[in-house]
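Trainee: Sharing a structure here in structure tokens format.
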There are 2 protein chains.
Amino acid sequence: MPLSGIRVLDLTRIISGPYCTSILADMGAEVIKIETPGEGDPVRHQGVIKNGLSWYFANYNRNKRSVTLDLYSQEGKDILRRLIPKCDVVIENYRPGIMDKMGFGDDALKALRPDIIHCSINGFGTSGPYRDRPAFDFIAQAMSGFMSLNGGESDPPMRAGPPISDLVAGMNGALGVLAALLRRERTGRGDSISVSLMSSMIGLLSFQAANYFASGELPPRTGNDHGIVAPYGLFETADGQVAIAPSNDAMYEKFLDALELQSLRSHPDFQANADRMLNRESIKAAIEARTRQESSRYWIERLNRYGVPCGQVLNLRDVFDDPQVADQEMAIDVPHPDGQQVRMLGFPIKFAESPCLARAPAPSLGADTEDVLRELGLPESRIQELRAKGAV
Amino acid sequence: MPLSGIRVLDLTRIISGPYCTSILADMGAEVIKIETPGEGDPVRHQGVIKNGLSWYFANYNRNKRSVTLDLYSQEGKDILRRLIPKCDVVIENYRPGIMDKMGFGDDALKALRPDIIHCSINGFGTSGPYRDRPAFDFIAQAMSGFMSLNGGESDPPMRAGPPISDLVAGMNGALGVLAALLRRERTGRGDSISVSLMSSMIGLLSFQAANYFASGELPPRTGNDHGIVAPYGLFETADGQVAIAPSNDAMYEKFLDALELQSLRSHPDFQANADRMLNRESIKAAIEARTRQESSRYWIERLNRYGVPCGQVLNLRDVFDDPQVADQEMAIDVPHPDGQQVRMLGFPIKFAESPCLARAPAPSLGADTEDVLRELGLPESRIQELRAKGAV
């Protein structure tokens, strides 16, 4: 697998960090997840629980090992100090400064392993006036400008449904770690990486940011309409609605052909895209008068045949019943030790030679503590002692 | 830089692919962007244009070289065939099958360079019933289930403002390429990678997918409310609104302290989170009666001091005027040959030792054609011949 032989020390919890380390674990890295004795990652207790298992936790922690360690205890810190030199990468999502306070700042990490790669996933960055603020997905969505672009024109600024600032920060963390690993292969040097929820969201502002920079004009929220193209959006059919995106004049022509609405071509209100933007509602009405006559299925088959990008708005049931999603194995069933088959998301990155794999289910809390301590050379008696003290 | 010495042949256009290759270019890879003679990447003509330059194009194509090549001509294909062995990675966002038709399928690429890494960024995957459909960000958002989770309860399913399926697919492509490069360092073997817009969006379905898998129940759209926590969301202040996310009971207690609304603690309707969910509107009203008495600035300072995650909903002007965003250098000014300072998005991944850099502005169309042809060993006379034929 792409990351076979890479060992990651995972000090993260909740979602941004665990998503980052799950990307690496899915690609074959050995990820050692450190959890608080007794409690563990809070996500173990979140979302729908079946047979004592959070399927949300199971999704983001497959392919990992779990070691309990009380990092407030001297014994816990000692073990961490022995573990770090065995690891290529340390990933954490503490608030900036906490690792230093714990005695594991960048200099300390480097002293333990000179070519260590350290990745901090944080809310706002490791410097600046908001460095110490508590972070949360919703807040990063609000403060990044993303929400100012999301939602309908008459809606308030709208958060995205999924926690995308956590997820995109996790992806940026994994990108940083992989790039640093590559550099280490070639130079022998480690590095220290910081990615924040807020900057990760700013990184998605795309053409809206570019246009704002160039013009000084604030982009509006446009809901499902396109900012500069019409017709475009959701159109009603006989049995639902279809998303249609004829994004340029050539596609618009194909769209009219597919609709058999060549008559619109000569309509004075709909000549150029600029006219159609001005008369967005009336061209939508003219098109829907036609699309309502047939089913969504009919239109999707027909419009795709004409080369017009379109598709149904699917809910999660439709998505995971969809033959394309099945073909792409975007839901996988992973057997768990208690006999449960836990369904979880599949792998969006497909390698032909070295595919991502679900090699192991998410571990129970501390499942690998003793194995990892033994690998560090601790004798059984010491392990029992640490256990008795609650340090592991 | 992390990717110094890595050469990427970039056959992509529009945004998913150019974003992928810009991530690699920002980290130091040499990216050779192949464009159609005369036209180039359509994004050159999109968004706000200043002094003949699309700032949208400038953002996603900084740090790249531009070579014009007519890939429909025999001469163009010959040059591509000479270029591939010099490149570590080939990235393209054609529809699946087009590379094969052009004579550059996986086997052909491997014959030209046995350890080549090929990355296809596509709409739906390289197999399955929708493989050949035209793809578009809006359609991937609709078909992935993402839109079914985005928007308010009474809204229709809502597309995210920025083209996030393009962007997240680009990030997945870069993750795949970096992992494959690492594997190549260790094994000497290349790989072929596919990432799709649709699967990339499905990969973001997060706890909503996990809960659906576990329960069979479809998650609702909740707008700015949290699905299972109250109070939470946007709250009005004397001069605007603030996003507040007290995500658990401990934070809720801190929130009441910060508001000096300890009286709510004994209110029978607001005891447990479950009660507060049932009375979401009335607790929101009680809190807003208080938050409306002071400014947003006041509340943000105070709530953060109490450890309650909160922040303003910023529009793009606010964002790029924000001191934290300035500290994190999330807008950078890149000098262009015509004297323009082009403002663009900064780098969300911060490396301490080997930072991402804007080494060069986006190239004018074909700016590097002759240099690259010379590097391939073509004599001047042949270059002029190709130019005359329109092959470059």
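Trainee: So in region B:1-37, with the set limited to residues that are in contact (Cβ under 8 Å) with a residue 40 or more places away in the chain and hydroxyl-bearing (Ser, Thr, Tyr), which one is surrounded by the most Cβ atoms within 10 Å (Cβ to Cβ)?
Mentor: B:THR21
Trainee: For region B:104-114, check the following and say yes or no: at least one residue is in contact with a strand residue (DSSP E or B) (Cβ under 6 Å, 6 or more places away or on another chain) and open to solvent by less than 10 Å² (accessible area, probe 1.4 Å). Spell out how you get there, then give the answer.
Mentor: Here is the first cut: in region B:104-114, the residues in contact with a strand residue (DSSP E or B) (Cβ under 6 Å, 6 or more places away or on another chain) are B:106, B:109.
Of the ones still in play, those that are also open to solvent by less than 10 Å² (accessible area, probe 1.4 Å) are B:109.
Scanning region B:104-114, I find at least one residue that is in contact with a strand residue (DSSP E or B) (Cβ under 6 Å, 6 or more places away or on another chain) and open to solvent by less than 10 Å² (accessible area, probe 1.4 Å), so the answer is yes.
Trainee: Would you check if there is a residue in region A:19-37 being farther than 19 Å from A:GLY366 by Cβ, modelled with pLDDT under 95 and assigned by TED's automatic domain parsing to the domain that holds A:GLU370?
Mentor: Scanning region A:19-37, I find no residue that is farther than 19 Å from A:GLY366 by Cβ, modelled with pLDDT under 95 and assigned by TED's automatic domain parsing to the domain that holds A:GLU370, so the answer is no.
Trainee: Can I ask one more? Do we find a residue being open to solvent by less than 70 Å² (accessible area, probe 1.4 Å), assigned by TED's automatic domain parsing to the domain that holds B:SER66 and free of Cβ contacts under 8 Å to residues at least 60 places away in the same chain anywhere in region B:361-369?
Mentor: So the first thing to find is which residues in region B:361-369 are open to solvent by less than 70 Å² (accessible area, probe 1.4 Å), and the list is B:361-363, B:365-369.
Now restrict to residues that are assigned by TED's automatic domain parsing to the domain that holds B:SER66: B:361-363, B:365-369.
Restricting the remaining residues to those that are free of Cβ contacts under 8 Å to residues at least 60 places away in the same chain gives none.
There is no residue in region B:361-369 that is open to solvent by less than 70 Å² (accessible area, probe 1.4 Å), assigned by TED's automatic domain parsing to the domain that holds B:SER66 and free of Cβ contacts under 8 Å to residues at least 60 places away in the same chain.
Trainee: Here is a list of conditions, (1) in contact (Cβ under 8 Å) with a residue 12 or more places away in the chain; (2) touching a Ser or Thr at 6+ places or on another chain (Cβ under 6 Å); (3) facing chain B (nearest Cβ under 7 Å), and A:ASN315 meets all of them except one; can you say which number that is?
Mentor: Every listed condition holds for A:ASN315 apart from (1).
Trainee: Would you be able to say whether some residue in region B:321-336 is closer than 17 Å to B:MET251 by Cα and either open to solvent by 20 Å² or more (accessible area, probe 1.4 Å) or out of contact with any strand residue (DSSP E or B) (no Cβ under 7 Å at 6 or more places or on another chain) (or both)?
Mentor: Going through region B:321-336, the residues closer than 17 Å to B:MET251 by Cα turn out to be none.
No: zero hits.
Trainee: Further, regarding this structure: Can you tell me which residue is farthest from the other protein chains (Cβ to nearest Cβ) among those in region A:8-39 that are of a type in the set (Gly, Ala, Ser) and in contact with a helix residue (DSSP H, G or I) (Cβ under 9 Å, 6 or more places away or on another chain)?
Mentor: Pass one, region A:8-39, residues of a type in the set (Gly, Ala, Ser): A:16-17, A:22, A:25, A:28-29, A:38.
From what is left, the residues that are in contact with a helix residue (DSSP H, G or I) (Cβ under 9 Å, 6 or more places away or on another chain) are A:16-17, A:22, A:25, A:28-29.
Values: A:SER16: 11, A:GLY17: 14, A:SER22: 11, A:ALA25: 12, A:GLY28: 9, A:ALA29: 9 Å.
Selected residue: A:GLY17.
Trainee: Sort through B:LYS101, B:LYS86 and tell me the only one that's assigned by TED's automatic domain parsing to the domain that holds B:ILE193, open to solvent by 50 Å² or more (accessible area, probe 1.4 Å) and touching a Lys or Arg at 6+ places or on another chain (Cβ under 7 Å). I'd like the intermediate steps shown before the answer.
Mentor: Values: B:LYS101 fails: touching a Lys or Arg at 6+ places or on another chain (Cβ under 7 Å).
The conditions single out B:LYS86.
Trainee: Something else about it: Whether any residue in region A:203-216 is at pLDDT 95 or above and more than 7 Å from every other protein chain (Cβ to nearest Cβ) is what I want to check.
Mentor: Scanning region A:203-216, I find at least one residue that is at pLDDT 95 or above and more than 7 Å from every other protein chain (Cβ to nearest Cβ), so the answer is yes.
Trainee: Run down B:ARG189, B:ARG183 and say which single residue is assigned by TED's automatic domain parsing to the domain that holds B:GLY17, without any contact (Cβ under 8 Å) to a residue 60 or more places away in the chain and under 16 Å from B:HIS118 (Cβ atoms). Quick ask: steps written out before the conclusion?
Mentor: On the way: B:ARG189 fails: without any contact (Cβ under 8 Å) to a residue 60 or more places away in the chain.
Only one candidate qualifies: B:ARG183.
Trainee: Checking the conditions here, which among A:ASN59, A:ASN51, A:ASN63 is out of contact with any strand residue (DSSP E or B) (no Cβ under 6 Å at 6 or more places or on another chain) and within 30 Å of A:LYS350 (Cβ to Cβ)?
Mentor: On the way: A:ASN59 fails: out of contact with any strand residue (DSSP E or B) (no Cβ under 6 Å at 6 or more places or on another chain); A:ASN51 fails: within 30 Å of A:LYS350 (Cβ to Cβ).
Just one listed residue meets the conditions, A:ASN63.
Trainee: Which condition does B:HIS226 not pass, out of (1) in contact (Cβ under 8 Å) with a residue 24 or more places away in the chain; (2) over 24 Å from the mean Cα position of the chain (by Cα), if it passes all the others?
Mentor: B:HIS226 satisfies all of (1) in contact (Cβ under 8 Å) with a residue 24 or more places away in the chain; (2) over 24 Å from the mean Cα position of the chain (by Cα) except (1).
Trainee: OK, next. Which of the following residues is more than 14 Å from chain B (Cβ to nearest Cβ), among the aliphatic types (A, V, I, L, M) and open to solvent by less than 40 Å² (accessible area, probe 1.4 Å): A:LEU278, A:LEU378, A:LEU303? Even if it seems obvious, please write down each step before you answer.
Mentor: Details: A:LEU278 fails: open to solvent by less than 40 Å² (accessible area, probe 1.4 Å); A:LEU303 fails: more than 14 Å from chain B (Cβ to nearest Cβ).
The conditions single out A:LEU378.
Trainee: Of all residues in region B:52-88 being of a type outside the set (D, E, K, R) and in contact with a Pro (Cβ under 8 Å, 6 or more places away or on another chain), which is nearest to A:GLY216 (Cα to Cα)? Write out each step before concluding.
Mentor: Taking region B:52-88 as the starting set, the residues that turn out to be of a type outside the set (D, E, K, R) are B:52-61, B:63, B:66-69, B:71-74, B:76, B:79-80, B:83-85, B:87.
With the extra rule that they be in contact with a Pro (Cβ under 8 Å, 6 or more places away or on another chain), the set shrinks to B:58, B:60-61, B:66, B:68-69.
Numbers: B:ALA58: 16, B:TYR60: 19, B:ASN61: 21, B:SER66: 29, B:THR68: 33, B:LEU69: 36 Å.
Of everything passing the filter in region B:52-88, B:ALA58 is nearest to A:GLY216 (Cα to Cα).
Trainee: Something else now. Which one of the conditions (1) in a loop (DSSP other than H, G, I, E, B); (2) surrounded by 14 or more Cβ atoms within 10 Å (Cβ to Cβ); (3) basic (Lys, Arg) does B:LYS350 fail to meet, given that it meets all the rest?
Mentor: The number of the failed condition is (1).
Trainee: How many residues does region B:161-185 contain that are open to solvent by 10 Å² or more (accessible area, probe 1.4 Å) and more than 7 Å from chain A (Cβ to nearest Cβ)?
Mentor: 2
Trainee: Which of the residues belonging to region A:131-146 are open to solvent by less than 10 Å² (accessible area, probe 1.4 Å) and either in contact (Cβ under 8 Å) with a residue 60 or more places away in the chain or away from chain B (no Cβ under 11 Å) (or both)?
Mentor: Passing the criteria: A:ALA140, A:GLN141, A:SER144, A:GLY145.
Trainee: Considering only residues that are part of a helix (DSSP H, G or I) and open to solvent by less than 30 Å² (accessible area, probe 1.4 Å), which ones fall in region B:38-59?
Mentor: Those that are part of a helix (DSSP H, G or I) and open to solvent by less than 30 Å² (accessible area, probe 1.4 Å): B:VAL43, B:TRP55, B:TYR56, B:PHE57, B:ALA58, B:ASN59.
Trainee: Here's something else I'd like to know. If I filter region A:95-103 for residues that are more than 9 Å from chain B (Cβ to nearest Cβ) and of a type in the set (Asp, Glu), do I get at least one hit? Outline the logic, then answer.
Mentor: Within region A:95-103, the first condition is being more than 9 Å from chain B (Cβ to nearest Cβ), and the residues that meet it are A:95-103.
Subset that is of a type in the set (Asp, Glu): A:100.
Yes, region A:95-103 contains a residue that is more than 9 Å from chain B (Cβ to nearest Cβ) and of a type in the set (Asp, Glu).
Trainee: Does any residue of region A:60-67 turn out to be under 23 Å from A:ARG382 (Cβ atoms) and crowded, with 24+ Cβ neighbours inside 10 Å?
Mentor: Here is the first cut: in region A:60-67, the ones under 23 Å from A:ARG382 (Cβ atoms) are A:65-67.
Add one more test, that the residue is crowded, with 24+ Cβ neighbours inside 10 Å, and what stays is A:67.
Yes, the conditions are met somewhere in region A:60-67.
Trainee: For A:ALA243, all conditions in the list (1) under 26 Å from the mean Cα position of the chain (by Cα); (2) assigned by TED's automatic domain parsing to the domain that holds A:ASN304; (3) surrounded by fewer than 21 Cβ atoms within 10 Å (Cβ to Cβ) hold save one; what is the number of the exception?
Mentor: Exception for A:ALA243: condition (3).
Trainee: Follow-up. Among (1) of a type in the set (D, E, K, R); (2) within 14 Å of another protein chain (Cβ to nearest Cβ); (3) over 19 Å from the mean Cα position of the chain (by Cα), where does B:ASP368 come up short?
Mentor: Just one mismatch for B:ASP368, condition (2).
Trainee: Within 21 Å of the chain's Cα centre (by Cα) and assigned to a loop (DSSP other than H, G, I, E, B): does that describe A:ALA362?
Mentor: Values: within 21 Å of the chain's Cα centre (by Cα): yes; assigned to a loop (DSSP other than H, G, I, E, B): yes.
Yes; evaluated as a whole, the condition is true for this residue.
Trainee: Okay, next question. Which one of these is within 20 Å of B:GLY97 (Cα to Cα), more than 20 Å from the chain's Cα centre (by Cα), at the interface with chain A (Cβ under 7 Å from one of its Cβ atoms) and surrounded by fewer than 24 Cβ atoms within 10 Å (Cβ to Cβ): B:GLY152, B:GLY128?
Mentor: Going through B:GLY152, B:GLY128 in turn, just one is within 20 Å of B:GLY97 (Cα to Cα), more than 20 Å from the chain's Cα centre (by Cα), at the interface with chain A (Cβ under 7 Å from one of its Cβ atoms) and surrounded by fewer than 24 Cβ atoms within 10 Å (Cβ to Cβ): B:GLY128.
The values are calculated or read from the model by the stated rules, or taken from the named source; none is laboratory data. What you are looking at is a predicted structure, and each value in this text was computed from that prediction instead of being measured. FYI the Cβ positions are ideal-geometry reconstructions off the backbone, even for glycines, and counts take in every protein chain you see. Remember, those area values only see protein heavy atoms, side chains included, never the ligands or the DNA or RNA. Shrake-Rupley method; radii C 1.70, N 1.55, O 1.52, S 1.80 Å.
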